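Inspection log for the structure reproduced underneath, given as structure tokens.
The values are calculated or read from the model by the stated rules, or taken from the named source; none is laboratory data. Every value quoted in this text rests on a predicted model; they were computed, and no experiment measured them. Here the Cβ positions follow ideal geometry from the backbone for every residue, glycine too, while neighbour counts run over all protein chains shown. Only protein heavy atoms, including side chains, enter the accessible area calculation; ligands, DNA and RNA are left aside. Shrake-Rupley method; radii C 1.70, N 1.55, O 1.52, S 1.80 Å.
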Amino acid sequence: MDTKKYSMGNELIKGGVVIIDFVILNVLLLLCKKYLDTVYPLYFSKEPRITFIIANVAMVIAHFCIGTIIHRRRTQIDEVFLSVLKLCLVHITIMFFCLRLLGGRGSVRMFKFMVIFLAAELVVIFVCRLLEKLFIRFFRQSGRNTRSVLFVGSDPALLMLYRNLISDSSTGYKIRGYFANELMENCPKEIIHHGTLGTLNQLIGFEPSEGATPPSCTLTDIARTDELFCCLSHDENEQIMRLIKYCDKNLIHFYYVPRMSGNFLLNLQPEQLGETMVFTNHHEPLSHPLNKFIKRTFDIVVSAVVCLVMLPFIPLIAYLIKRQSPGPIFFKQQRTGFNGKTFTCYKFRSMHVNKDADKVQATKDDPRKFPFGDFIRKTNIDEFPQFFNVLKGDMSIVGPRPHMLAHTKEYGEIIDKYMVRHFSLPGITGWAQVSGSRGETKEVWEMEERIQKDIWYIENWTFWLDIRIILRTFVTLFVPDKKAY
């Protein structure tokens, strides 16, 4: 089996990353000692050995608490940054308090140095993480440290999973094909159905009677698989249990993929009702009072700061809008909000005044846009007035984007679960927008994909997920999204 080789490859990657972090730490300390005499604490100069020992021990503890995620198959840049930030904060906090207890006087100078060192350490380690990520991408694209994957079943949910697994070549997933009694509809040619050997019955195998010829394809044919993703009906629980037992015995990671109901995953979540375990089709973390409080407090604080910072720039933006297009500075539109209620959404006007504003989406070369309007749309500056909507309580900073009333009526009638997105406050930015589902929706499937991501956000909300989405959105201020028009 390849499992040991895979695990060894990941351990080597993690070990290499940790060693590089310790090299960075010690090099930074040496550079600070040599070039930052004015802020370098006196105790550090008097006791350099103790300082270096404490710093390295603190890094050991920080790595034990936080670890590294760079070796994982699917990691985004914002996740890497947050991991590095937490690592550096834990390291510097432990280092500061230990050295402060030993160093006695000079706490002000030591604190100042630690702040500078934290910033330097964060930047250098994060840059190294990006370089390490590029190396891992090259390493896996060359055919090393890969994961062999097999699908079982013909449900469309497996196609969605397939797109997620291969969307980033650096993940190193190799799809071997699928076993199913029925052919998968709209299946890419890259996902091989194993011909006459590809039925589920042949994969599961059966005990032949004495003297009978054994089946040409049995469970032994998946012995070299690293991960098996199964998407079968619960009616086939006997086959599922046999697969699970075989995977456990042969060190294959087994995953059950929820089936599709229409165009959405049948993703039931457990809840305890008295002594009975029940399953609901919608799990809403934001229904808990504490989570609501955290999200609303964050919204108010950040929106208040942004509104204050934005005030001096409003006259300049207003001048540029008026200069290129007569009409109001702000664009006001009725949109569908929380629990389906209508509210007035504010934006900086980016188009000439027109009669189709409440019915027609913006297109790539839309003649209604004027030059400065096109710029503020691409950089998301036109959305800034919505921070006033957040302060009013109509919106949140992060959430499903509010749609025009005409679109709510249109798509609510043809897309299952469309209205589920309104269980959450609409957002200035959202998971769908930062994960590729932004811009004009020419086909119904594009809107269905967006709705799937909106519902995923509602059911998987965490405070750190909001931070990740905000960081990704911030990047678009400097690197405009190709679908932003």
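Keeping all protein chains in the complex and leaving out DNA, RNA and ligands, what accessible area do you get for Leu122 with a 1.4 Å probe, in Å² to the nearest 10?
So the heavy atoms of Leu122 present about 30 Å² to solvent.
With all protein chains present, how much of the accessible area of segment 12-92 (probe radius 1.4 Å) comes from carbon and sulfur, to the nearest whole percent?
Answer for segment 12-92 is 71 percent, counting heavy atoms of protein chains only.
Using a 1.4 Å probe, how large is the accessible area of Trp464, given in Å² and rounded to the nearest 10?
Trp464 has an accessible surface of roughly 120 Å² with all protein chains in place.
How much net charge surrounds Val39 when only the other residues with a Cβ under 12 Å from the Cβ of Val39 are counted, with Lys and Arg +1 and Asp and Glu -1?
Around Val39, the charge tally is +2.
Heads up, I need the accessible area for Ser233: 1.4 angstrom probe, whole protein in place, Å², nearest 10.
30 Å²
Just to make sure I understand: if all protein chains stay in place, what is the order of Arg147, Arg137 by accessible area at 1.4 Å, largest first?
Arg137, Arg147
Local charge sum around Met59 (other residues, Cβ-Cβ under 11 Å, Lys/Arg +1, Asp/Glu -1)?
My count for the surroundings of Met59 gives -2.
If you count only protein heavy atoms with a 1.4 Å probe, what accessible area per residue comes out for segment 318-374, rounded to a whole Å²?
Per-residue value: 58 Å².
I need the peptides 392-401, 342-351, 326-335 ranked by packing, meaning the mean over residues of other C-beta atoms within 10 angstrom, with the highest value on top.
Final packing ranking: 392-401, 342-351, 326-335.
May I ask which of Lys347/Lys453; Lys359/Lys453; Lys86/Lys133; Lys359/Lys409; Lys322/Lys369 have a Cα-Cα span longer than 21 Å here?
Cα-Cα > 21 Å for Lys347/Lys453; Lys359/Lys453; rest within.
Going Cα to Cα from Lys174, which lysines come in below 18 Å? Please leave out same-chain ones fewer than 8 positions away.
Within the straight-line cut-off, Lys174 pairs with Lys4, Lys5, Lys189.
Could you pull out every one of the lysines with an alpha carbon less than 20 Å from that of Lys292, ignoring same-chain neighbours closer than 8 positions?
Filter leaves Lys341, Lys392.
Distance from a point 7 Å along Cα→Cβ of Val23 to each backbone N in segment 76-101: keep the residues under 20 Å and list them by number.
Answer for segment 76-101: 84, 88.
What lysines sit close enough to Lys33 to cross-link, taking a C-alpha to C-alpha distance under 22 Å and skipping anything fewer than 8 places away on the same chain?
Lys46, Lys112
If you rank Arg323, Arg163 by how much accessible surface each has, with a 1.4 Å probe, what is the order from largest down?
Sorted descending by solvent-accessible area, the residues read Arg323, Arg163.
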